[in-house]
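What follows is a set of notes on a single structure, which appears directly below.
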Amino acid sequence: MQLNSGVPAGAIENRWDDHRFDMKLVNPSNKRKFKVIVVGTGLAGASAAATLAELGYKVDAFTFHDSPRRAHSIAAQGGINAAKNYQNDGDSIYRLFYDTVKGGDFRSRESNVYRLAQVSVDIIDQCTAQGVPFARDYGGLLANRSFGGAQVSRTFYARGQTGQQLLLGAYQALAAQISTGKVTLHNRVEMLDLVVKDGRAVGIITRDLLTGEIESHAAHAVVLATGGYSNVYYLSTNAMACNVTAAWRAHRKGAAFANPCFTQIHPTCIPASDEFQSKLTLMSESLRNDGRIWVPKKAGDDRKAADIPEDERDYYLERRYPAFGNLVPRDVASRAAKLEVDAGKGVGPLHNGVYLDFAHAIARDGRDAVVERYSNLFEMYERITGEDPEKMPMRIYPAPHYTMGGLWVDYNLQTTIPGLFALGEANFSDHGANRLGASALMQGLADGYFVIPYTLGNYLAGYLGTDPVSTDDPVFTEARSHVDAQTERFLSIRGSRSVDWFHRELGKIMLDKCGMSRSAEGLNQALAEIPALREEFWSDVRVLGGSQGFNQALERAGRVADFFELAELMCIDALNRNESCGGHFREEYAMEDGEAKRDDEHYQYVAAWEYTGDTAQPQLHKEPLDFDYVHPATRSYK
Amino acid sequence: MKLTLKVWRQAGPQDKGQFETHQLDDISDEMSFLEMLDVLNERLNQQGVEEIAFDHDCREGICGTCSLMINGQPHGPQRGTATCQLHMRKFNDGDTIVIEPWRAKAFPIIRDLVVNRSAFDRIIEAGGYITAPTGSPQDANEILVPKEAADAAMDAAACIGCGACVAACPNGAAQLFTSAKLGHLNLLPQGQPERLKRTEAMVDVMEQYFGSCTNYGECESACPKSISIDFIAQMNRDFASSKLRNRRLQGQR
Ligand SMILES: Cc1cc2nc3c(=O)[nH]c(=O)nc-3n(C[C@H](O)[C@H](O)[C@H](O)COP(=O)(O)OP(=O)(O)OC[C@H]3O[C@@H](n4cnc5c(N)ncnc54)[C@H](O)[C@@H]3O)c2cc1C
Ligand code: SF4
Ligand code: FES
């Protein structure tokens, strides 16, 4: 396997323009001769499918959801970044580029990040024209807010529902194309395998979730926009159905998986309340602007928050990071909370949270001002916990939230399998070891609206005059029988434990050993426990019902099977990376004061793993990273 | 708490279906309604009985996937709350809870509590968008949108497409859903050129699938996002205009 990032030469500001000029074009009348499969209709997939159809390509779009509007993108709250500099506060494309490279702790590709910052401005224009109701000032101009990791106000938002509104915009653009027949939407259809012929992606195998039918679909190219894999931890802020199956099965067919251990844990989520907890709810980071984080000084202090006097409280972030205080970046805040809880100072009935206290803000600004700022969040918190944040501090704890790792892609967003492209959270491209807030929506839409429409044409131009491979070809029949065999296997085990039970157990191992902090010892333990649990899964899982018709347990079984394999790779990757950077914190690689210690000399590379047939022995390929513009420095928030 | 559940089971679209009764003993206040169903499903699995199918995904009230009729109320007793945000502390020890799927002609049952809401997508495809091909727009700040218009459009755009309005309506009408999308797009300057054409097309498709509105108003109280029934009035006004006036000229105004 060769990793060739295909980054154009020249000054960074000209690379994308030059590359667009150099790429081959497909003329409009020829575009309709090409068939493209887009799997996933979240922000990245819906924007890509709609735009490709506008250009004239014949698109088949797939989603396991009942409608594109349900994709997990819908849940993003805070906003989307763009270097518009509407606030005249010194923002620029270069500054957004700089912040993103630094925020990613120098583990991303400079050229990709620069392009992302460039097209960010077009995204806002595009979405506004579609009718996305972004927040406005009284004069009718667009409003902005600021977000973690940046000193300028560049985040555009639609109340607390930015992801929803952006997704509805993309979904509506897609609906317009569906109505013209240029896009065929396959809803409640799940991709279960990628079909490769002579080293090229030529189609996919799917299961119709309503009928159970296994189907073959051929095309000139396949685009995956299937989201992230935080649900490997079982409990995360992701929607319940988010999974890695499409990306993983592509990986098994030859697509390299990059930096799987780069995952992000969000510091402000509501802690689990019992063992039946099914997901964790994120509370916007903006709460840290006014809330003060603390724990009791004494471990095991069971008094009510109000009964703990000021001098017996430890405002540990303010103490440890006097400059940034409660506003340190996500990874720093998360690890600090874990340290306190691990030291026995956790609060709440399960001692699994820290306080986020608004009493001081209310005393300073008045109740009304604070409640107005956060009313929907306070309400959401009360709905879930039954506690009123005006009267007692919120309890929060970090939760898995986002995955920077994903399928390795080159500058054209093509994976190591020609003809297979990956967009959005499913690829590894732009965030390095840590993603800044409000940058995932930006990246998904950049990929879908503004990058793939060009780069896909460049690939397809080489196949003008060819037909898609016939679905009767042995590559399709083999892939199908493989899928059938897996289904049969699940249904025939008839073991004693549910799919969810195994998923929960896997999640516990991952959170404990490959979560907020990692150590060689823990990772080695995980690498013994995961295969053992996986073996148990394959001999003792109980999937009821049949292969025909609607069977949610069967759907989940396939997804959890893939999480098991991914989990192993994450641990292998984390063990390989003997440094701490961004969301990857290795206990052995810390400064004396406990801060992360990066090792640029040995680890300034993308770790791209090739599947070898044995999940315990993947092969590592390294893409070295060069920093010609933003020079690596230690992140300090003291 | 102890609960008695009466749950609708239906093997497939053609099956007749019936209620099944289950007793649950150890339900905690802290659980969400769907976690309570998870517990029941886990138990059914242990007994070798196929789990109850129900739709859900985000579990935080935004994706619109969850869709349960709880004691005859879409999304249950708490106003402005989707099923997935409902917690067991809203119920009492010893309660009997009846759980059914959305019941509406336009939403055929797929299995147990899962229905097919694709008719909503057909309405959007008919015109629920602003034509703006990628790459063509001008700078975003060249379109001034009065804050009031942006806020009102956002109120409408908050619809999560869950279908509770249809399930609540004795006629199975989809006026609230359709008018929410029209309200969103028709209130914005960007939405004006296609305003009447859009309204006419969406209403026509809506009527192919759904019942007609006779102003019961049940939809508004069932809506987890408290979408206002006023948007229906706006839709009706636009629909009348589209029928009465010369559409082509309107579009060019
Ligand atoms: C609670 C929360 C809040 C967030 N807030 C923000 C924010 O404020 N700002 C920000 O920038 N980012 C935010 N993020 C991150 C951001 O929302 C996601 O990274 C982004 O939306 C992912 O988009 P996507 O298109 O890549 O994937 P998704 O939206 O997850 O879409 C995946 C699509 O793939 C389909 N799919 C997957 N597998 C298959 C398969 N095998 N077969 C068929 N279809 C398949 C699904 O049906 C779906 O359509 C947030 C994330 C969370 C969890
Ligand atoms: S209008 Fe309300 S009830 Fe109807 S689909 Fe939208 S959110 Fe659901
Ligand atoms: S599960 Fe998403 S709204 Fe209820």
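The values are calculated or read from the model by the stated rules, or taken from the named source; none is laboratory data. Only a predicted model underlies this, so the values are computations on that prediction, with no experimental measurement involved. Virtual Cβ from ideal backbone geometry, glycine too; neighbours counted across all protein chains shown. In case anyone asks, the SASA skips ligands and DNA or RNA and just uses the protein heavy atoms, side chains included. Shrake-Rupley method; radii C 1.70, N 1.55, O 1.52, S 1.80 Å.
Within segment A:120-136, being open to solvent by 10 Å² or more (accessible area, probe 1.4 Å) and closer than 26 Å to A:Gly103 by Cβ holds for A:Val121, A:Asp122, A:Asp125, A:Ala135. Answer with yes or no whether B:Phe120 is under 29 Å from A:Gly160 (Cβ atoms), facing chain A (nearest Cβ under 10 Å) and assigned to a helix (DSSP H, G or I). It is true that B:Phe120 is under 29 Å from A:Gly160 (Cβ atoms), facing chain A (nearest Cβ under 10 Å) and assigned to a helix (DSSP H, G or I). Screening B:Thr81 with (1) within 16 Å of ligand 3 (Cβ to nearest atom); (2) touching a residue at least 40 places away in the same chain (Cβ under 8 Å); (3) in contact with a helix residue (DSSP H, G or I) (Cβ under 6 Å, 6 or more places away or on another chain) gives one miss only, at (3).
Beta carbons closer than 8 Å, at least 6 apart along the sequence or on distinct chains, pair a first residue in segment A:358-375 that is acidic (Asp, Glu) with a second that is not in a helix (DSSP H, G or I) for A:Asp365/A:Asp290. For the structure I just gave you, tell me whether A:Ala557 is over 14 Å from A:Arg518 (Cβ atoms) and touching a residue at least 12 places away in the same chain (Cβ under 8 Å). Taking the combined requirement at face value, the residue satisfies it. For B:Lys181, indicate whether it is closer than 30 Å to A:Tyr86 by Cβ and more than 16 Å from ligand 3 (Cβ to nearest atom). Yes: the conditions hold for B:Lys181.
In segment B:153-198, the residue that is farthest from the other protein chains (Cβ to nearest Cβ) out of those that are more than 15 Å from ligand 2 (Cβ to nearest atom) and hydrophobic (A, V, I, L, M, F, W, C) is B:Leu196.
Evaluating A:Val371 against the criteria (1) more than 29 Å from A:Thr155 (Cα to Cα); (2) modelled with pLDDT under 95; (3) open to solvent by less than 30 Å² (accessible area, probe 1.4 Å) leaves one unmet condition, (1).
Of all residues in segment B:68-99, those satisfying the criterion of being within 14 Å of chain A (Cβ to nearest Cβ), more than 16 Å from ligand 1 (Cβ to nearest atom) and open to solvent by 10 Å² or more (accessible area, probe 1.4 Å) are B:Pro77, B:Gln78, B:Arg79, B:Gly80, B:His87, B:Arg89, B:Lys90, B:Phe91. All conditions in (1) within 14 Å of chain B (Cβ to nearest Cβ); (2) out of contact with any Gly (no Cβ under 9 Å at 6 or more places or on another chain); (3) open to solvent by 20 Å² or more (accessible area, probe 1.4 Å) hold for A:Arg95, with the sole exception of (1).
Has segment A:532-541 got at least one residue that is open to solvent by less than 30 Å² (accessible area, probe 1.4 Å), assigned to a helix (DSSP H, G or I) and either farther than 25 Å from A:His266 by Cα or away from chain B (no Cβ under 14 Å) (or both)? Yes: segment A:532-541 contains one or more residues that are open to solvent by less than 30 Å² (accessible area, probe 1.4 Å), assigned to a helix (DSSP H, G or I) and either farther than 25 Å from A:His266 by Cα or away from chain B (no Cβ under 14 Å) (or both). Of the strands (runs of 3 or more DSSP E) lying entirely inside segment A:211-296, those containing at least 2 residues that are away from ligand 3 (no atom under 16 Å from the Cβ) and within 14 Å of chain B (Cβ to nearest Cβ) are A:263-269.
For segment B:123-152, filtered to residues that are within 14 Å of ligand 2 (Cβ to nearest atom) and not in a loop (DSSP other than H, G, I, E, B), the residue that is farthest from the other protein chains (Cβ to nearest Cβ) is B:Ile123.
For (1) part of a helix (DSSP H, G or I); (2) in contact (Cβ under 8 Å) with a residue 24 or more places away in the chain; (3) surrounded by 14 or more Cβ atoms within 10 Å (Cβ to Cβ), each residue gets a yes or a no:
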residue: A:Ser5; (1), (2), (3): no, yes, yes
residue: A:Ala9; (1), (2), (3): no, no, no
residue: A:Asp17; (1), (2), (3): yes, no, no
residue: A:Val26; (1), (2), (3): no, yes, yes
residue: A:Asn30; (1), (2), (3): yes, yes, yes
residue: A:Val36; (1), (2), (3): no, yes, yes
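Could you go through segment B:20-38 and let me know if any residue there is among the polar types (S, T, N, Q), within 16 Å of ligand 2 (Cβ to nearest atom) and either under 17 Å from A:Met380 (Cβ atoms) or not in a loop (DSSP other than H, G, I, E, B) (or both). For segment B:20-38, residues among the polar types (S, T, N, Q), within 16 Å of ligand 2 (Cβ to nearest atom) and either under 17 Å from A:Met380 (Cβ atoms) or not in a loop (DSSP other than H, G, I, E, B) (or both): absent. How many residues are hydrophobic (A, V, I, L, M, F, W, C) and within 8 Å of chain A (Cβ to nearest Cβ) if we restrict to segment B:20-35? Total satisfying the criteria: 2.
The number of residues in segment A:603-624 being within 23 Å of A:Gly254 (Cα to Cα) and either in contact with a His (Cβ under 9 Å, 6 or more places away or on another chain) or crowded, with 19+ Cβ neighbours inside 10 Å (or both) comes to 7. Return the total of residues in segment A:333-361 being open to solvent by less than 10 Å² (accessible area, probe 1.4 Å) and aliphatic (A, V, I, L, M). Count: 7.
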